[in-house]
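**Q** Next up is a structure, given as structure tokens.
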Amino acid sequence: MFIGKPNIMSQTKYIFVTGGVTSSLGKGIISSSLAKLLQARGFKATIQKLDPYINIDPGTLNPYEHGECYVTEDGAETDLDLGHYERFSNVPTSQANNVTTGRIYQAVINKERRGDYLGSTVQVIPHITDEIKRCIKVLGESGKYDFVITEIGGTVGDIESLPYIETVRQMRWELGESCAVIHLTLIPYLAAAGELKTKPTQHSVKALLEQGVQPDIIVCRTDRSLNEGIRRKIALFCNVSPSSVIESIDAESIYDVPVLMMQEGLDVEVLNKTNSLVGPEPELKIWKEFLFKLKNPSDEVNIGLVGKYVELKDAYKSINEAFVHAGTQNSCKVNVVLIHSEEVFEENVSAKMEALHGVLVAPGFGNRGIEGKVIAIRYARENKIPFLGICLGMQCAVIEFGRNVLGYKDAHSTEMVEKTDHPVIDIMEEQKKINNLGGTMRLGAYQCKLDKDSRIFNIYDGEEDIYERHRHRYEFNNDYLEEYKKAGLIPVGINTKNNLVEIIELKDHPWFFGVQFHPEYKSTVAKPHPVFVNFVKAALDNKS
Ligand code: GLN
């Protein structure tokens with residue numbers, strides 16, 4: 001029997017996760033759960049998402065199209081699944097963990113222009129598939145991981161995903177037992193027949209087979225338990241052993257899924273298929289403690305989330321999850337009350353906000369919904385409700401203070417009104433010269449020095465230099481700094497290199513912070529974000 005922690009295996013194993021039947025089955029959660037289980041067994045695992053769309057990254061996509069845009073330490077604007085990977089594994093991801101078709105083609109076309117393929121016709125096979133392969137192997141060849149789990153976006157059968165599936169076929173052939181394919185599929189229940197149906201799964205496996213890929217493991221999303229008969233049937237029709245048919249039943253919380261996958265033996269199947277040492281059961285003590293606390297809160301608070309994308313549940317994914325982590329840490333359930341910023345007016349603000357114990361004003365771009373945000377902030381400030389403004393949320397807090405405390409009725413951000421007499425939020429000098437919109441913001445982790453005499457210094461547990469992730473163009477306009485300070489809005493965190501205000505706090509308020517960065521991106525199960533933890537605590541104090 002294998003004892004102790006394995007070192008990095010000499011050969012990195014590649015696990016592919018494909019999806020069948022419908023989209024939104026939760027490939028990201030299955031991949032994250034598998035990574036968590038492998039990690040809990042002492043292996044080093046990373047996850048990569050291959051997205052079949054032509055955008056270079058999701059940074060230019062509207063949240064209605066694609067949900068939240070997640071930002072990594074190294075400043076990549078990525079798919080929101082990378083957020084799940086980090087929240088589950090507590091390991092940072094990077095640009096290499098998210099690749100799109102646009103990026104693949106851009107790389108190949110650049111090489112073609114450079115003359116790298118001189119003399120040949122550049123084609124999908126082998127040039128595009130080679131580039132995809134390179135992007136997958138880059139992670140394996142870094143020597144940092146035992147397992148690279150690559151999630152292929154979209155659904156098998158989509159035209160866009162063909163080159164990716166072809167790459168999987170080639171890599172399987174080249175790597176043999178160092179590679180395994182998991183196919184995630186749906187087993188629908190037909191009420192009229194009173195039965196779970198396997199036919200869509202059979203068809204989607206057939207589609208995979210037509211592209212030359214035999215899945216090793218079938219993970220079946222279902223709303224009810226699969227009996228032995230169904231498992232045998234799936235195994236028989238899809239050429240896998242019954243133990244490789246894994247049930248993934250609807251769970252109360254996404255954080256249940258690693259435990260459910262362990263019970264179903266997904267990790268053991270993957271280890272067996274890739275000829276890896278199975279070893280003792282994974283260590284999930286801390287994870288299970290988190291789950292217990294999550295499900296047994298001793299109190300609850302209502303926190304308003306004011307934003308313009310509230311009708312779309314994935315638009316503020318990381319914020320919602322950060323509240324789950326922070327609530328659990330406080331043994332408290334956080335009811336996130338979604339408030340559409342376009343529907344907040346002077347006349348209804350108190351009706352909308354009187355039952356709230358805390359208010360968060362969300363990040364965002366553009367003018368829509370700004371006035372509602374400003375009105376909500378005024379209410380939170382005047383009624384002493386704990387408040388957290390994130391990015392645009394902080395900028396709106398600065399605008400609100402400028403208008404209602406300093407008396408600058410036209411205080412604004414030059415993002416919304418180019419010419420105002422009081423541009424309290426303004427574009428950074430270096431941003432003025434940039435014309436392209438994609439990937440040109442202040443992105444990724446930047447240093448911020450905390451004021452040692454401030455509360456935020458204690459919230460961050462006495463750390464003086466913190467690193468938080470950014471995604472914005474506009475900044476607090478330092479021309480107004482002294483005036484704001486005199487009136488009680490204090491900069492308590494500064495980027496010392498560029499002298500930029502990163503965190504503001506109101507003096508005469510129980511808990512009022514604005515942060516120019518996005519703390520939500522760094523909150524994980526293992527390390528809930530201190531700002532969110534303290535915010536929930538402040539909301540709890542406000543309730544009692
Ligand atoms: N639109 C603002 C800016 O670019 C804020 C961005 C954000 O909230 N992420 O500065």
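**Q** Run through segment 208-296 and list the trypsin sites (Lys or Arg not before Pro) located in a DSSP loop whose Cβ has at most 14 other Cβ atoms within 10 Å.
**A** Hits after loop and neighbour filter: Arg224.
**Q** Averaged per residue, what accessible surface does the chain expose to a 1.4 Å probe, in Å²?
**A** 42
**Q** Oh, and also: Where the accessible area of the chain is counted over protein heavy atoms with a 1.4 Å probe, how much of it, in %, is carbon and sulfur?
**A** That share works out to 50 percent.
**Q** Given the rule -39500 (n - 2.57) for each run of at least 4 DSSP H residues, summed and divided by the residues of the chain, what is its mean residue ellipticity at 222 nm, to the nearest 500 deg cm²/dmol?
**A** Only helices count here, giving -10500 deg cm²/dmol.
**Q** Taking H as built 1.01 Å from N, whose amide H comes closer than 5 Å to the amide H of Leu500, not counting residues under 5 places away?
**A** The list, which skips near neighbours in sequence, is Asn495.
**Q** Which longest uninterrupted range of the chain lacks any chymotrypsin sites (Phe, Trp or Tyr not before Pro) assigned by DSSP to a loop state (not H, G, I, E or B) and surrounded by at most 12 other Cβ atoms within 10 Å?
**A** Working: sites that count: Phe2, Phe345.
Looking at the chain, 3-344 is the longest stretch - no exposed chymotrypsin sites (Phe, Trp or Tyr not before Pro) with at most 12 other Cβ atoms within 10 Å.
**Q** A follow-up question, please. Report, in debye and to the nearest 20, how large the dipole of segment 211-342 comes out about its Cα centre when Lys and Arg carry +1 and Asp and Glu carry -1 on their Cβ. Walk me through the numbers before you get to the answer.
**A** On the way: 14 positive and 19 negative charges, 33 e Å.
The dipole magnitude comes to about 160 debye.
**Q** Hey, another quick one. Which lysines have a Cα lying under 20 Å from the Cα of Lys409, excluding residues fewer than 8 positions away in the same chain?
**A** Lys373, Lys419, Lys485, Lys486
**Q** Among His422, Gly444, Tyr164, whose Cα projects farthest towards the positive end of the dipole of the chain, with charges put on the beta-carbon of Lys, Arg (+1) and Asp, Glu (-1)?
**A** The one lying farthest along the dipole's positive direction is Tyr164.
**Q** Through the Karplus equation 6.51 cos²θ - 1.76 cosθ + 1.60, θ set to phi - 60°, convert the phi angles of segment 65-74 into ³J(HN,Hα) values in whole Hz; use x for Gly and Pro.
**A** Listing the rounded values in order: 7, 9, x, 5, 9, 8, 10, 8, 4, 7 Hz.
**Q** Using modelled backbone amide H atoms (1.01 Å from N, in-plane), which distant-in-sequence or interchain residues come within less than 5 Å of Arg221's amide H?
**A** Thr185, Leu186, Ile187, Ser248
**Q** Of the beta bridges DSSP finds with both residues in the chain, what % are antiparallel, to the nearest 5?
**A** 35
**Q** Follow-up. Mind listing which trypsin sites (Lys or Arg not before Pro) in segment 104-186 are in a DSSP loop and have 16 or fewer other Cβ atoms within 10 Å?
**A** Lys144
**Q** So what's the Cα pair-distance distribution over the chain, bin width 10 Å, in %?
**A** Pairs per bin, as whole percents: 4, 17, 26, 24, 17, 10, 3, 0.
**Q** Then there's this: Each residue of segment 38-54 in order: what ³J(HN,Hα) in whole Hz does its phi give by Karplus 6.51 cos²θ - 1.76 cosθ + 1.60, θ = phi - 60°, with x for Gly and Pro?
**A** 5, 4, 5, 8, x, 8, 9, 10, 10, 10, 10, 10, 9, 9, x, 8, 8
**Q** Follow-up question, since we're still on this one. Pull out a ≥ b ≥ c, the square roots of the eigenvalues of the alpha-carbon gyration tensor of segment 340-410, then state rounded if a/c is under 1.5, prolate if not and a/b is larger than b/c, and oblate in the remaining case.
**A** Since a/c stays below 1.5, the shape of segment 340-410 is classed as rounded.
**Q** For segment 270-373, compute the orientation-averaged projected area of the C-alpha convex hull (one quarter of its surface), in nm².
**A** Result: a mean projected hull area of 9.8 nm².
**Q** I've got another one for you. Let me see the pair-distance distribution of segment 100-224: every alpha carbon pair, 5 Å bin width, integer percents in order.
**A** P(r) over segment 100-224, rounded to whole percents: 2, 9, 17, 19, 16, 14, 10, 6, 4, 2, 1, 1, 0.
**Q** Just to check I understand the Karplus step: with θ = phi - 60° and J = 6.51 cos²θ - 1.76 cosθ + 1.60, what whole-Hz values come out for segment 22-36, glycine and proline as x?
**A** Going residue by residue, I get 9, 7, 6, 7, x, 4, x, 6, 5, 4, 5, 5, 5, 4, 4 Hz, with x marking Gly and Pro.
**Q** For segment 206-281, rounded, prolate or oblate, judged on the Cα gyration tensor with a ≥ b ≥ c (square roots of eigenvalues), a/c < 1.5 rounded, else prolate if a/b > b/c?
**A** Details: a/c = 1.76, a/b = 1.16, b/c = 1.52.
Cα axes put segment 206-281 in the oblate bin.
**Q** What's the angle, to the nearest 10 degrees (0 to 90), between helix 162-175's Cα axis and the longest principal axis of the chain?
**A** Approximately 60 degrees, to the nearest 10.
**Q** Here is a follow-up. Name the shape class, rounded, prolate or oblate, that the alpha-carbon gyration tensor gives for segment 9-92, where a ≥ b ≥ c are the square roots of its eigenvalues, rounded holds for a/c under 1.5, and otherwise prolate holds if a/b is larger than b/c and oblate otherwise.
**A** It comes out prolate by the Cα gyration axes.
**Q** Report, by chain and number, residues whose modeled amide H sits under 5 Å from the one on Leu80, excluding near sequence neighbours (fewer than 5 apart, same chain).
**A** Placed amide hydrogens put Tyr70 under 5 Å from Leu80.
**Q** Test of the criteria: in segment 287-383, which GluC sites (Glu not before Pro) are in a DSSP loop and have at most 15 other Cβ atoms within 10 angstrom of their Cβ?
**A** Loop-located and lightly packed - Glu311, Glu346, Glu347, Glu354.
**Q** List nothing, just return the count: lysine pairs in segment 144-250, 8 or more apart or interchain, with Cα separation under 25 Å.
**A** 4
The values are calculated or read from the model by the stated rules, or taken from the named source; none is laboratory data. A quick note: this is a predicted structure, and the numbers were derived from the prediction, not measured. Methodologically, a virtual Cβ is constructed for each residue, glycine included, from the backbone with ideal geometry; neighbour enumeration extends over all protein chains shown. When the accessible area is computed, the model is the full protein with side chains, heavy atoms only, and any ligands, DNA or RNA have been set aside. Shrake-Rupley method; radii C 1.70, N 1.55, O 1.52, S 1.80 Å.
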